[in-house]
Amino acid sequence: MSIFVNKETRLLVQGITGREGQFHTRQCVAYGTNVVAGVTPGKGGQKMDDVPVFNTVKDAVRETGANCSMIFVPPAFAADAIMEAADAGVPLIVAITEGIPVLDMMKVKNFLNTTNSRLIGPNCPGIITPGECKVGIMPGPIHMPGPIGVISRSGTLTYEVVYQLTQQNIGQSTCIGIGGDPINGTNFIDCLEAFQADPQTKGIVMVGEIGGSAEEEACEYIVKNVTKPVVGFIAGLTAPPGRRMGHAGAIISGGSGTAQAKIDAMKKAGITVVEDLGNFGVICKEAFGDVI
Amino acid sequence: MKIHEYQAKELFDRFEVPIPRGSVAFSVDEAVKVAESLGKFPVVIKAQIHAGGRGKGGGVKLANSIEEVKQVADEILGMTLVTHQTGPEGKVVRKILVEEGLDIDKELYLSIIPDRSTAKVVIMASEAGGMDIEEVAAKTPEKIIKVWVDPGFGIQPYHAREVAFRLNVGPELVKQFAVIIPRLYRLFFDYDCSLVEINPLIITKDKKLIALDAKINFDDNALYRHKDILEYRDLDEEDPLEVEASKYNLNYIRLDGNIGNMVNGAGLAMATMDVIKRAGGEPANFLDVGGGASAEMVENGFRIILSDEKVKAVLINIFGGILRCDVLAKGVVEANKKVEVKVPVVIRMEGTNVEEGRRILQESGLNLIVARDIKDAAEKISSIVKE
């Protein structure tokens, strides 16, 4: 088992003919993902390698039965692409695009609330179920199948954490990057709920960063609903207030969103907090000792 | 992106939000001309810098005659203003706003911001205007009124009435609120703002609602569709190294520490800064070269870090995914040819093409300290700090 993506995933790529879209589609195919369609308006009827390209998401879904979309559309057009996928009934939408305006994402989020689609991202590395399906830009070879679910707000920091897990011979059930933007689709709580329900997942790694209160809300949820062991990490202890640290959502403002407050919330919720990134894998080995 | 108060007030004026009469001045002579055109005293002279707390820092003063205008303008222009938001080094004042003084009956607070958790726009207001609103929110949260607006549905008059009635301002002023709040909302929405704030929003003795102050921040991701706002950018208000970095699309923030660092990805960059701190150093910067950095970007990033004189050592931490380790290595080698590197450089890289990257570094003959992993990198930084 796993969450959200697996061998049954039939992937469609929006923006498949662009530079990034092509490159990462090929990487996903090489990993074993079943890529069934691409969408680039105006290029319907063409092929990207062996993948048929359609003008609209509706056409692609009707012709190929795609059940997941990965979006590489540039930021100015990405909100439109997400809404098109949701309107076509695609159940899982993974938006890689970085730099979508906040007001665009607000519209998207409110629209998605009226549909049954799940959005992961935007501004995220995507989602991978090791050995089965990769929908995103993460390097495949650092992952290995296993019992630990990984949820993170960032990209390369997730790779670091996953790499250290794999070095310790601790495999992953599914790894999800939920993205670094202030307004995103799937949040920590959605993933925690799914990992708690997934029999393959025996423990959970949660990687947060400064800004907002998503980690604190997740901690409250964990206290009430999660029985599996959780190891946490928060980036940004040294970040100054009022400065956006790369991610649009990573900003300490009005005294809220500090790393310390999040670490405190995690400790209070009984989460094993890793303070020294260099020891992440080693600490997980101890913390998950009984379940792995 | 941040803009000055006088620029924010230009936008208020365009959206017919009432502001005091006045104008910006870049010299004492210009300040005198503005004061003369206002035709009455007192006038208020306000330093224009991108930071709050100007009043407490001595950057806002009254003048009761032309002589006083000259004196105050001369005093403020060119001064280094230190506030709780500027940092201890302060900011040099290069322009001032000269405005009519008004008779204030009441000071209120009003702002419009995006709310992350509800994905709606929130209007916040308080009777405790003119004060540090973060303190009000922390100590007396019941004094902050919040009204949420669905961005698809847009602002309605009842949103504005609700704010006004809860502020206890009386029926005549409720009418003014019902006009002004929707105008501010349109400004917020049309220009992709991340903050529109008025503190204080005043009620004058003759019962008029006026924006005595104005602060607007914009969503950087949306600036591509607001070319006119880009003209408001003031490079004097930004750190020169940050301006330089922005030319190469590098995400660089200058900090006060002694250990420079270059990382790919914002989360890993923040975590690397924390690693430096744990190792006994202080990060000198935040630098995310991004997922798809080229050798040229790496080279420029490295050069910018090294041009900060406080930097005593550099830590490069790359987890190669899209950015391959061999590309990184080439960039570092090129940068070393062009700039003289006087400080120790610790490099840790992992991921795509790491063997090729390590080979390039080794064969370059450069004096680089290669770390096996993050733990090893932290130990190497720690021993450099202790020397």
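Data for the structure
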read-out: Three-way shape call for region B:160-212 based on the alpha-carbon gyration tensor, with the a/c threshold at 1.5; value: prolate
read-out: Reach of B:K208 by Cα under 21 Å, taken over lysines that are not fewer than 8 positions away in the same chain; value: B:K9, B:K40, B:K106, B:K175
read-out: Residue-by-residue Karplus 3J(HN,Hα) for region A:115-125, coefficients 6.51, -1.76, 1.60, Hz, glycine and proline x; value: 10, 9, 7, 9, 10, 10, x, x, 6, 9, x
read-out: Relative contact order %, chain B, counting alpha carbon pairs below 8 Å whose residues are six or more apart; value: 12
read-out: Aspartates and glutamates whose Cα lies under 19 Å from that of A:K267, excluding same-chain neighbours fewer than 8 positions away; value: A:E209, A:E215, A:E216, A:E217, A:E220, A:E275, A:D276, A:E286, B:D274
read-out: Restricting region B:286-387 to trypsin sites (Lys or Arg not before Pro) in coil, as DSSP defines it, with at most 14 other Cβ within 10 Å; value: B:K310, B:K342, B:R372
read-out: Measure of compaction for chain B (Cα Rg per 2.2 N^0.38 Å); value: 1.20
read-out: Label-point gap, in nm, between B:I104 and B:F165 - each point 7 angstrom along Cα→Cβ; value: 2.9
read-out: Phi-based couplings in Hz for region B:209-223 (Karplus 6.51, -1.76, 1.60; Gly and Pro marked x); value: 8, 9, 7, 6, 10, 7, 9, 9, 10, 10, 6, 4, 5, 9, 5
read-out: Principal-axis tilt of helix B:325-338 within chain B, Cα atoms, nearest 10 degrees; value: 80
read-out: Region B:198-263: GluC sites (Glu not before Pro) in DSSP loop, at most 11 other beta carbons within 10 Å; value: B:E231
read-out: Rounded, prolate or oblate (a/c below 1.5 giving rounded, otherwise prolate when a/b exceeds b/c) for region B:239-386 by Cα gyration tensor; value: rounded
read-out: Region A:251-278 versus region B:348-374: alpha-carbon centroid distance in Å; value: 33
read-out: Under 12 Å, Cβ to Cβ, from A:I234 - net charge with Lys/Arg +1 and Asp/Glu -1; value: -3
read-out: Sequence-separation-based contact order of region B:276-376, relative, with Cα cut under 8 Å and 6+ spacing, percent; value: 28
read-out: Distance from region B:220-270 to region A:15-68 (C-alpha centre basis), Å; value: 35
read-out: Listed residue pairs exceeding 24 Å between alpha carbons, taken from B:K310/B:K330; B:K33/B:K205; B:K2/B:K120; value: B:K310/B:K330; B:K33/B:K205
read-out: Computed E for B:D115/B:V179 - FRET, C-beta separation, R0 35 angstrom, nearest 0.05; value: 0.90
read-out: Under 17 Å from A:K43, Cα to Cα: lysines that are on another chain or at least 8 residues apart; value: A:K58
read-out: Qualifying GluC sites (Glu not before Pro) in region B:14-108, DSSP loop, other Cβ atoms within 10 Å at most 16; value: B:E16, B:E89
read-out: Normalised convex hull volume, the protein assembly as shown, alpha-carbon set, Å³ per residue; value: 160
read-out: Nonlocal amide H pairs with A:S256, under 5 Å, H built at 1.01 Å; value: none
read-out: Helical contribution to [θ] at 222 nm, DSSP H n ≥ 4, -39,500 (n - 2.57), averaged over chain A, rounded to 500; value: -10000 deg cm²/dmol
read-out: Backbone HN-Hα couplings from phi across region A:135-149 [Karplus 6.51/-1.76/1.60, Hz, Gly and Pro as x]; value: 10, x, 10, 6, x, x, x, 6, 8, 9, x, x, x, 9, x
read-out: With Cα atoms, 0 to 90° folded angle of helix A:102-112 axis to chain A main axis; value: 80
read-out: Cα gyration tensor, region B:21-101 - rounded (a/c under 1.5), prolate or oblate; value: prolate
read-out: For residues of A:201-210, the mean tally of beta carbons on other chains within 10 Å; value: 1
read-out: For region B:274-294 versus region B:1-39, the gap between their alpha-carbon centres in whole angstrom; value: 41
read-out: Relative pair counts by distance (%), Cα atoms of chain A, 5 Å bins; value: 1, 6, 13, 17, 19, 16, 13, 8, 4, 2, 0, 0
read-out: Using alpha-carbon coordinates, inclination of helix B:157-166 to the longest axis of chain B, degrees; value: 80
read-out: Contour minus Cα-Cα distance for A:K268 and A:R10 (0.36 nm per residue); value: 88.8 nm
read-out: Over chain A, relative contact order from alpha-carbon pairs under 8 Å, at least 6 apart, %; value: 14
read-out: Gain on full stretching of the segment that runs from B:K277 to B:R358 - 0.36 nm per residue minus C-alpha separation; value: 26.5 nm
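Each reported figure results from applying straightforward, stated rules to the coordinates on display, with no laboratory input. Note that the structure is a prediction, hence the values are computed from the model and not measured. Note that each Cβ is placed from the backbone with ideal geometry, even for glycine, and that neighbours are counted across all protein chains shown.
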